[in-house]
Every structure is written in structure tokens, then in C-alpha cells.
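Let me begin by presenting the structure, written as C-alpha cells, before commenting on it.
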Amino acid sequence: MSLLELSNVHVRYGAITALKGLDLRVEQGELVALVGSNGAGKTTTLSAIAGVHKASTGSIVFDGKPIHAKRSADIARRGIALVPEDRGIFPSLTIEENLRLGSYLVRDKKTVADELDRVFDRFPILKERAGQGAGTLSGGEQQQLAIARALLSQPRLLMLDEPSLGLSPTLVDRMFEIIQQLHEEGVTILLVEQNVTRALALANRAYVLTTGSLTASGTPQEIMDSIDITAAYLGGVQVAGTEG
Amino acid sequence: MKMPSFAVTGRKLLPLIGIIVVFGVIAVITTILGIPLLDRIMTIMFINLIMVLGLQMFMGNSGLLSFAHVGFMGIGAYASALFSIPVAAKAMSLPALYPALAGIEMGFFPAMMCGALIAAAFAAIVGYPLMRLSDTASAIASFALLVIVHVVLSQWSAITNGPRTLFGLLKYTDLWTAVTWALIILVVAFLFKESSLGMKLRASRDNVHAASAIGINVVRARWLAFTISAFVCGMSGALWAHFITSFQPGAFYMTQTFIVLTMLIVGGPRTVTGTAIGVLLVTIATEGLRAMENSFSVSGVLPFETVGMTEILLAILLIFMLAFRPGGLVQTIELGARRRVRAAAIDTSEAELSRKA
Amino acid sequence: MDGVLQFILNSLSLGSVYALFALGLIMVFGILKLVNFAYGELIMVAGYTWFVLQGTLLPLVVVVLVAIVVAAFTSVVTERVAFRPVRSNSMNAMLITSFAVSTLLQNSALVFVSPRARAVDVPVFFHTNINLGGVQISVSNVVVILVSTLTLIGLLVLMQKTRLGITLRAAADDFRMLQLLGVRADQVIVSAFAISGVLAGIAGFLWISRIGSVSPTVGMAPLLIALIAIVVGGMNSLSGAIVGGFFLGTLTIALQLLLPQDMLAFRDAVIFAVVILVLVFRPQGIVKGRFATERIG
Ligand SMILES: Nc1ncnc2c1ncn2[C@@H]1O[C@H](COP(=O)(O)OP(=O)(O)O)[C@@H](O)[C@H]1O
Ligand SMILES: [Mg+2]
């Protein structure tokens, strides 16, 4: 049984149908990439899973239980963490307070402290600036804070929405390193990216989304092989991805 | 989104004609019965209909909440009174009146028009900057405007007689004056909604950014609607003033705002037919409750004062409506026009939701 | 010199009550972006609780505590019964709901207690003066300043140091994200309404002991004051509410001294005109924060 399984998911924004019958699954321990151009519906997919926008039809099953009718807080409580595109930092809170909210669901004080230490080891900059306002962080630091905060909830599925967006090339490298590392440590990840080459290099499997529907799926190799179908499209995406 | 055609087609007129017939019949029956109390209730209902239609023209089409409109009703009432009170009575009614104004005496129609114009001019002047605001800020600003009007009406003793009762008005308004004007305003509100201005406003209500993107000057459209609707509310104030003939500034404050909003929300602010039905239903409910209130307080069966019971029940009704049918009884498609498309109402609330998130 | 000190004390005293009014209103606004027009009625509820209990032999402190609890409870009940069902509807629906709740509570007081104002027994010593280093200070001013300061400190600690406070501040920043971290919206909102009610209760006690009586519409003035204070001070932070409250308190005392009597009547109109000007030209208020209002055009 898959950890996460979407079948025939539709999401509508008023008159616009942003997802038209999406099927997608993520196995335990996998790193799955979801790629596609701007406006393809990647963010919408993650929002639907996280319960921010409800699917109008179809089902989303997590760990054997349907979650598509649940509220986002309850979905988070089942172990799904989303790092949104805008990073969702609370600017008027300190970095430490942001992190404390990440471990909101973890009851055991000792676990919280241990996890916080691990996160600080992984992202030393956050430790240095723990007492400062999160609004003062740079884009790259905010992204680190957002991921750190998500990790503190000890998620069973980590969803990252374009973590490399708006970062400098060195930071992009660093970001993909971190993702690779998390994956190797056994974190299940659903990664949304426009930077297709980088994402495919890390992923176990990938899905290509075009205006609300899947146009390809499979291993990174299979995606690359189907390049004749999607060549023009992927080319465009790569240019867009490397610009960022 | 399908663009509705600009021409008012025959089918679109059906709901309007229907509602005119209903209200016409009510007026005729009231006249035939000749019961003074019923006559009074119905006259006030028709005046309220004008007031609520005025509010609907702005609020229903633009989607902006306004608390200010009862203030415009008040301005219309006081301004028209200033012009219509006979010169002989003015010294009694307004002892501190400026000499320059003391000699003015007009008939009802010109006085009403002056009152409405003053309300509209006031709305136009203070309203322009407010039209740039949206949502919460504009609601607060309109509330502030209501308070300002109230303070001025109750403090500018020279022309309003201050917080004391203003009297000396002639009773120009009767049932059929109110009915005639209400039916005219029904048509006006309906045409306004279908006019290109109304269309622009409704587009901005559904999506401000999209409307601006296609070249609609949203601020201007809102401002024009605000001014026109203030004119209509001012008229209703003048009609009311010359029916009641003596009143205080408190008549144009929170309680009246609450009743007017209830009428609009219960019926459905997006449709003219809904608005009209809301006025009718809330009037029936209010008067029914008042009658019960009176009989209870006379018989003394209840161990407490019953004045205020009506407002309590109306408030509960309003809260229920907002929770379970926020678009009102007649939501988006005028009652009787083909079929109801509920999806449209749902879409908008969703859009509003995601905007809030 | 004495006059200056008196002015400062009066301004501090009135300003601190106004700040509490504003804080109670902003608690809910920060999270739901809802201006709760029924906020003033929480103050009325606290006042009537005081009125009802004063016949009993309970000491004033107990009466006041009960009044605060009743106000907080009423606040939570209105959230549960009226605001929660409309929360997913438009902002307008929420605003009108709060207007309806306000009418409901006012008329309930009118029907079930009394349409007329009722006197509350303010302790006599409130009206006495004490001599502090040669300056006469009224006890009521001292009580007001003391209670408000303690409340402000308590609120500050709550918001800065506790998990609930952090959650509430985060909710004001980005409620959607907070829910994505597993925090249930209902819990946060109920807490905000409860705190709002507690503040209304405390401020209500101070306000009603100042005016000496309670009536169904006693909450109107506090609501308007809070509204002005948050608009002028800034709707995006608690400090905005505090600044706005003290600013308005000082302004009120100053205008009382400076304006001629016949102009004083128009004071409220002038102040509300300022509110509109602030909304239009400086929507962030005195204390700058993120923009609360979306502007077009
Ligand atoms: N809140 C919204 N309201 C209306 N349309 C939206 C909203 N969010 C996204 N869309 C539309 O849905 C489509 C998919 O958007 P999105 O999921 O953000 O794409 P991606 O993340 O792949 O760039 C786009 O056409 C976008 O315009
Ligand atoms: Mg996206």
C-alpha cells in the first residue's frame, strides 16, 4: 500500500479547473518529483493534499485513510508537512518561535529539544540568529527556516513547493544537497520543482504535469526517454529553471 | 464567465413586472381595507423599500458593505424639512435657524429633490476617497460616516433642532405617494443593475483585479453608484419625514441601520426582487412581532419588558440567514427569471474565501 | 505645575482604559480580520453582571472577577453560536453578523434587565483624593492606572512568553500556515475571543466605575473608542492598539480643555473624520505594520 495515493483528483477555483483528474502516489521512503511549467497545477496539487483547497472530486488517501475531506490542521496532525511556495514564515515571530510552532504537535519535551538540536546542526545559521525576528531573514535563510520548521513536526511526508525558487545558484546547490540528505535519512519527500534536471537527478520517480493533467510519469530515466514527446516543453522549463 | 447581454430583454423584465404587480396589489388592498394602522405600516414599508433599494444599488452591485446609507436618509429627511416647513412655523420648529434660510418655503416635490440632492452631494464629496478602500476598511469608514452624520444631525441645532424633536412638517406623504415612488425606484434599481455602470460594478464585485484589468475604472464606478444610491436614500428620508412629521436624529442611527440591513440581507442584496421580498417579509415579521409584543405587555403574561423582543428575534433571523443562506432568499438570478444558478453564488464565496486566506 | 501633572494623570488614566478597549477589539481583528461590532456589548454584559451581583454580599473583587468571567464566556458563546457558522462566508457576512449580535445583546439587556440606566455602587473611596508629595490624586485614577498596567503586563507576558501567545501572534501573521502546522483554527479563534472578553471585562469595570451606571447601550462608546484607536494606532499590531488608545485618551482630555463648549459637541464628528482620513491616507496607522487593507485604483 502506498503512503499517499491520489486518484482522479479535480480541483476548481471558481470557473477554472486547475487539476483535471490527477492520479499520483508516493511510497514510503521515496523522493517523488512533480514537475511542470508555471501554472500547471503543481502548487494546487500540494494544496489539495494539505487540505488548503478541497478536491471537488476524487480521493486522496494517506496511510490507508481518506484525507480529502479533512481540514488542513487534521491532515498535518496525520504527519503531512507542507513547505509552501511563499515559505509561510511568521515575520513578527522570532526564528526560535517559528521553530517552536513547528514542533507544536510533538508532545514530548525531550524529543522537541533533541530535534531542535538536530535542526540547528543542519542549519547553523538558524541557531546563530535564533532570537532575531524571522522577518529579517534573507530568502535563502527563510527557505531553510521553513524546511527546518517542517522537519520539527517529524513528518511522515514532507512536501516542498519549489524550494529553489528565488535562491542564488550556490544556495540552490545547497538546497538540493539538503533535500538529498533528508531523502537518504529516510524522509519521504514529494518535491515540486520547475528546475526539472535537478529534480530528476534526485528523484526515485517523477510526474510531469501540464495544465492540470499528467503528461508523463515514471522513473527519471523513463521521463527522459519520453523526451521526444515533451522535448519542447522540458526545454522551456529548463530555461525557466536555470534562470531562478 | 458569460457576459450578460446589455439589452434588457423581455424575459429579464418578467421578475420586475411580477414584483410591481405584487406590490401594486398590496397597495390596492390596503386602500380598499382602509384600516389606518395597516395604511401606516404599508406606507412605511414602501418608504423602507425605497431606502433599501437605494442601499442595494450600491451594496448589492459593488459588494461593498455600507453602514452610511441610513445617514443619507437622515440628511434627506432633515434637509427636505428645512425647505418645506412653512415660514410661519419655522420660528417654532427651528428657533435658532439662520435668518438667510428662514424665508425659504417649498412644496413637497422640490423640497424632496433638494433633500436628496444634498444627500447625494454629501455622499459624492466624502465618498470619493472611500471608494478606493475595500472590505474591512471601507466598512469601518462607512460606519465612521454614519457616526459623523449622526453627530452633526444631533448637534447642529440651528438647522436640525439638535437632539430634540423636529416638528412642524406638513404631512405630504400618504400611501400612494410612497407607492408611486417605490415603484419608480424599483424600476430604477432594476435598470441600474442592468445598465453598463451596474454591469461594471458587478464585474468589480466578482473580481476587482479582473475588472480593472479589462479597463473598468472601479473607483469611479463605485463612486457614481454611491452618489446615486445616496440620492435615493435621501428621497426615502424626505418621504419618511413628511409622513411622520416629527422626529429626532436617533431615527437615523443604529436601529434603522440594523433593520435596513436585515431587509437587504434576508431578501438577497444581489437582486432587486430579493431586496423587495426582503423588505416585505421583514415588515410582516416585524409588525407581527410588534403586535404580539404589545399584546404581551398589555396582558402582562411575561415577567419582563417585551419592548426589544422584535429586534432580538430579527437579529436571530439575520444570523441564521447569514450562516445558512448568506446570499439571501433570492441569490443571484432575479426571482422568476428562468432558473436559478446556485453555482455562481458558491463560486463567489469561494473566491472571497481564498482572498481571505 | 500641578495642572500639568493633573493633565498627565488624567490622560494616562483615560488612555489606559482606551488602550484596553482597543486591545480587546484587536485581539479578534488580528486573527479573523473581523471588526467585532458586538465588542461593546461585552462591556455591557460585564456592567450588568456587576449590577446584578451588587445586591449580594460578595466583595467587590469577587464581583469584578465574576463579571470578567461572564464577559469572556459571552464572547466565546458568540463565537461559537454566531461567528463560527459564517466564518467561511464573506467578510461582509461576518461584519453584519457582529452587528446583529450587538443588536441581539443590547435588546436582550433591554428586555430582560431594564431599558433605563441602572446605577452601580462604585466604592466611595474611588472618589476621594490622596495626597502624593503635595499633589492631589484621585483614587479612581490610581486604581485605573494600576489595573490597566497590570493587565497590560499580563497580556504582554501571555503574548510573548506562552505557547498560546506565540500561536495567536502567528495566526495574525499567517493563519493558513499555522493550520498547516497542525494548529486547529477553532482553538485559536476561541482563545482570541476569550482574551477579548477578559479585556472587555476588565476595561468594562474601569469604564463603568467611571460613569457610575450601566444601560443597554453603554457599550456603544467603548466600541467607537476602540474602533478609532485601532484605526489611528494601527490595526496590525497590539502595540498599535496601545498607542492608539493612549493617543485618543490624551487627545480627548486635551480637547476637553481647549475646545470651546459649543465646539465640543462636534468633537466626535471631528475625531471620526480623522478616522476616515487615516483609513484613506495612512491605512497602516501610527504604528506601521503590514497593510491590512487591500487598496485598489
Ligand atoms: N487562488 C486561486 N484562484 C484562482 N485561480 C488559481 C488560484 N490558484 C491557482 N490558480 C490557477 O490554477 C492554475 C494552477 O496554478 P498553480 O497550482 O499555482 O500552478 P503551479 O504551481 O504549477 O505554477 C493556474 O492557472 C492558476 O492561475
Ligand atoms: Mg506553484
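Criterion applied to A:Pro155, A:Pro163 was being within 16 Å of ligand 1 (Cβ to nearest atom) and either in contact with a His (Cβ under 6 Å, 6 or more places away or on another chain) or within 17 Å of A:Val83 (Cα to Cα) (or both), and the one residue passing it is A:Pro163.
When the range A:171-207 is filtered for residues that are within 15 Å of the chain's Cα centre (by Cα), part of a helix (DSSP H, G or I) and among the small types (Gly, Ala, Ser), only A:Ala199 remains.
If the condition is being of a type outside the set (Ser, Thr, Tyr) and within 16 Å of ligand 1 (Cβ to nearest atom), then the range A:71-83 contributes A:Leu82, A:Val83.
Within the range C:53-82, restricting attention to residues that are within 14 Å of chain B (Cβ to nearest Cβ) and touching a residue at least 60 places away in the same chain (Cβ under 8 Å), which residue is least open to solvent (accessible area, probe 1.4 Å)?
Filtering the range C:53-82 for residues that are within 14 Å of chain B (Cβ to nearest Cβ) and touching a residue at least 60 places away in the same chain (Cβ under 8 Å), the one least open to solvent (accessible area, probe 1.4 Å) comes out as C:Glu79.
Of all residues in the range B:183-203, none satisfies being within 11 Å of chain C (Cβ to nearest Cβ) and touching a Lys or Arg at 6+ places or on another chain (Cβ under 9 Å).
Within the range B:210-230, restricting attention to residues that are open to solvent by 50 Å² or more (accessible area, probe 1.4 Å) and not β-branched (Val, Ile, Thr), the residue that is nearest to B:Leu64 (Cα to Cα) is B:Trp223.
For the range B:170-182, the criterion of a residue being of a type in the set (Val, Ile, Thr), open to solvent by 40 Å² or more (accessible area, probe 1.4 Å), outside any helix (DSSP H, G or I) and free of Cβ contacts under 8 Å to residues at least 40 places away in the same chain is satisfied by no position.
For the range A:30-46, check the following and say yes or no: at least one residue is out of contact with any Cys (no Cβ under 8 Å at 6 or more places or on another chain) and over 20 Å from A:Glu85 (Cα atoms). Within the range A:30-46, one or more residues are out of contact with any Cys (no Cβ under 8 Å at 6 or more places or on another chain) and over 20 Å from A:Glu85 (Cα atoms). When B:Ile316 is tested against the conditions (1) at pLDDT 75 or above; (2) surrounded by 19 or more Cβ atoms within 10 Å (Cβ to Cβ); (3) facing chain C (nearest Cβ under 9 Å), the lone failure is (2).
Residues are listed down the side, and each one gets a yes or a no for (1) within 15 Å of ligand 1 (Cβ to nearest atom); (2) buried (at least 24 other Cβ atoms within 10 Å of the Cβ); (3) modelled with pLDDT under 95; (4) of a type in the set (A, V, I, L, M, F, W, C):
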| position | (1), (2), (3), (4) |
| --- | --- |
| A:Gly21 | yes, no, yes, no |
| A:Gln28 | no, no, no, no |
| A:Leu34 | yes, yes, no, yes |
| A:Ala40 | yes, yes, yes, yes |
| A:Thr43 | yes, no, no, no |
| A:Val61 | no, no, no, yes |
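Do the conditions hold for B:Ala102, that is, is it within 30 Å of B:Phe167 (Cα to Cα), touching a Lys or Arg at 6+ places or on another chain (Cβ under 6 Å) and open to solvent by 10 Å² or more (accessible area, probe 1.4 Å)? It is true that B:Ala102 is within 30 Å of B:Phe167 (Cα to Cα), touching a Lys or Arg at 6+ places or on another chain (Cβ under 6 Å) and open to solvent by 10 Å² or more (accessible area, probe 1.4 Å).
To keep it simple, each residue is scored yes or no on (1) surrounded by 15 or more Cβ atoms within 10 Å (Cβ to Cβ); (2) on the phi < 0 side of the Ramachandran plot; (3) more than 10 Å from chain B (Cβ to nearest Cβ).
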residue	(1), (2), (3)
C:Asn92	yes, yes, no
C:Ala100	yes, yes, no
C:Leu104	yes, yes, no
C:Ala109	yes, yes, no
C:Pro123	no, yes, yes
C:Asn131	no, yes, yes
C:Ile137	yes, yes, yes
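The requirement of being within 16 Å of ligand 1 (Cβ to nearest atom) and more than 24 Å from A:Arg25 (Cα to Cα) is fulfilled somewhere in the range A:166-180, by at least one residue.
Of the residues making up the range C:272-289, those that are more than 20 Å from the chain's Cα centre (by Cα) and not in a helix (DSSP H, G or I) are C:Arg282, C:Pro283, C:Lys288, C:Gly289. For the range B:183-207, the set of residues classified as open to solvent by 30 Å² or more (accessible area, probe 1.4 Å) and part of a helix (DSSP H, G or I) consists of B:Leu183, B:Ile184, B:Val187, B:Val188, B:Leu191, B:Ser196, B:Leu197, B:Lys200, B:Arg202, B:Arg205, B:Asp206, listed by residue number. Could you check the range B:259-278 and list, in sequence order, the residues that are open to solvent by less than 10 Å² (accessible area, probe 1.4 Å), over 14 Å from B:Met57 (Cα atoms), over 11 Å from the mean Cα position of the chain (by Cα) and of a type outside the set (Gly, Ala, Ser)? B:Val266, the sole residue that qualifies.
Taking B:Ala89 as the residue in question, decide whether it is surrounded by fewer than 22 Cβ atoms within 10 Å (Cβ to Cβ), in contact (Cβ under 8 Å) with a residue 40 or more places away in the chain and part of a helix (DSSP H, G or I). Spelling it out, B:Ala89 is indeed surrounded by fewer than 22 Cβ atoms within 10 Å (Cβ to Cβ), in contact (Cβ under 8 Å) with a residue 40 or more places away in the chain and part of a helix (DSSP H, G or I). Of all residues assigned to the range C:147-167, none qualifies as being within 14 Å of chain A (Cβ to nearest Cβ), aliphatic (A, V, I, L, M) and more than 22 Å from the chain's Cα centre (by Cα). If the condition is being within 11 Å of chain A (Cβ to nearest Cβ), crowded, with 18+ Cβ neighbours inside 10 Å and of a type outside the set (S, T, N, Q), then the range C:177-194 contributes C:Met177, C:Leu178, C:Leu180, C:Leu181, C:Gly182, C:Val183, C:Ala185, C:Val188.
Among the residues of the range B:155-169, write down those that are in a helix (DSSP H, G or I) and buried (at least 22 other Cβ atoms within 10 Å of the Cβ). Outline the logic, then answer.
Initial filter on the range B:155-169 (in a helix (DSSP H, G or I)): B:155, B:157-160.
Once the filter is applied, which keeps residues that are in a helix (DSSP H, G or I) and buried (at least 22 other Cβ atoms within 10 Å of the Cβ), the range B:155-169 yields only B:Thr160.
Considering every residue within the range A:20-39, establish whether at least one is within 14 Å of chain B (Cβ to nearest Cβ) and within 16 Å of ligand 2 (Cβ to nearest atom). No: zero hits. Condition check for A:Asp86 on (1) facing chain C (nearest Cβ under 9 Å); (2) more than 16 Å from ligand 1 (Cβ to nearest atom); (3) free of Cβ contacts under 8 Å to residues at least 24 places away in the same chain; (4) open to solvent by 50 Å² or more (accessible area, probe 1.4 Å): one failure, at (2). The conditions of being within 14 Å of chain C (Cβ to nearest Cβ) and within 16 Å of ligand 2 (Cβ to nearest atom) are met by A:Leu46. The single residue among C:Ile228, C:Ile208 that is farther than 23 Å from C:Ala269 by Cα and of a type in the set (A, V, I, L, M, F, W, C) turns out to be C:Ile208.
The values are calculated or read from the model by the stated rules, or taken from the named source; none is laboratory data. All values reported here derive from a predicted model rather than from experimental measurement. When we count neighbours, we look across all protein chains shown, and the Cβ atoms used for this are built from the backbone with ideal geometry, even at glycine. These accessible areas exclude ligands, DNA and RNA; they are computed on the full protein's heavy atoms, side chains included. Shrake-Rupley method; radii C 1.70, N 1.55, O 1.52, S 1.80 Å.
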